[in-house]
Ligand code: UDP
């Protein structure tokens, strides 16, 4: 990897200065965390898979006219992205009850919801990313009402795209999280899908068997996480299944 200036290191990714103004390089680590980083592990190959999967989803979104920060993949672990100002919210879209919602409402995991439900958490690790109502978001100035309307529209388009793509390979999209960034073009501000879209931030269940193919495999000790993500990548045709376990660097195009 070139000696680039590191700008930010998060739990699963590192951001480096990009080659041109307005760009960044996003590096995918093999680190996995859950329960607000109480549970941690290094999972060989996860970063490579998430880089490829996020490229696949973001490219698809760009092509159907949903703007994202993604420009291009650079290598196995890095992608070139547009520099954005991240809105400090986790935008969660749910099609079926699971995880924290199932717990909060006493619903059985997998219960279909009457319509896609969108909720927001305030991005703050020290506070454990608390769920926040829209009124907090507007009152504290994290986003305006207009931003929120646009974010909901974006999130629903991402949901329809992701649900359809996943359905096509026999996977149910239970829920997912996205982050939204602002890009300034002169005085004009545009909201784009940022961060990553990968099995780290989605719940993906095999339609026939219900097998979990997402980070719950790690959270709940259900097996090998790399195998689960490799299965998603294999079904989508985005990656040969043997690459992640390679001991030497392997060239992929
Ligand atoms: N999620 C995420 N990052 C977070 C919290 C949630 O990517 O910090 C994703 C999670 O993988 C799931 C969806 O958002 O696909 C809904 O998560 P939930 O609120 O049920 O929380 P969890 O049960 O994961 O704590």
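Selection of the stretch 199-221 for residues being more than 10 Å from the ligand (Cβ to nearest atom), touching a residue at least 24 places away in the same chain (Cβ under 8 Å) and over 13 Å from residue 96 (Cβ atoms) yields 206, 208, 213, 218.
If you go through the stretch 47-79 and pick out every residue that is touching a strand residue (DSSP E or B) at 6+ places or on another chain (Cβ under 8 Å), under 30 Å from residue 137 (Cα atoms) and not in a loop (DSSP other than H, G, I, E, B), you end up with 10. Residue-level analysis places residue 84 outside the set of residues that are touching a residue at least 40 places away in the same chain (Cβ under 8 Å), surrounded by 19 or more Cβ atoms within 10 Å (Cβ to Cβ) and within 14 Å of the ligand (Cβ to nearest atom). Residues in the stretch 97-112 that are within 12 Å of the ligand (Cβ to nearest atom), surrounded by fewer than 19 Cβ atoms within 10 Å (Cβ to Cβ) and part of a loop (DSSP other than H, G, I, E, B): 107, 109.
Could you please let me know if residue 65 is away from the ligand (no atom under 16 Å from the Cβ) and at positive phi? Spelling it out, residue 65 is indeed away from the ligand (no atom under 16 Å from the Cβ) and at positive phi. When 115, 94, 73 are checked against the criterion of being away from the ligand (no atom under 11 Å from the Cβ) and touching a helix residue (DSSP H, G or I) at 6+ places or on another chain (Cβ under 8 Å), 73 stands alone in meeting it. The residues of the stretch 1-46 that are free of Cβ contacts under 8 Å to residues at least 12 places away in the same chain, assigned to a strand (DSSP E or B) and more than 16 Å from the ligand (Cβ to nearest atom), listed by number, are 6, 8, 9. Looking only at strands (runs of 3 or more DSSP E) that fall completely inside the stretch 151-206, which ones have 3 or more residues that are out of contact with any helix residue (DSSP H, G or I) (no Cβ under 7 Å at 6 or more places or on another chain) and surrounded by fewer than 22 Cβ atoms within 10 Å (Cβ to Cβ)? Those strands (runs of 3 or more DSSP E) span 171-185, 188-194.
Readers should treat all values here as calculations from the given coordinates under stated rules, not as data from a laboratory. Only a predicted model underlies this, so the values are computations on that prediction, with no experimental measurement involved. Heads up, the Cβs are rebuilt from the backbone with ideal geometry, glycines too, and the neighbour counts pull from every protein chain shown.
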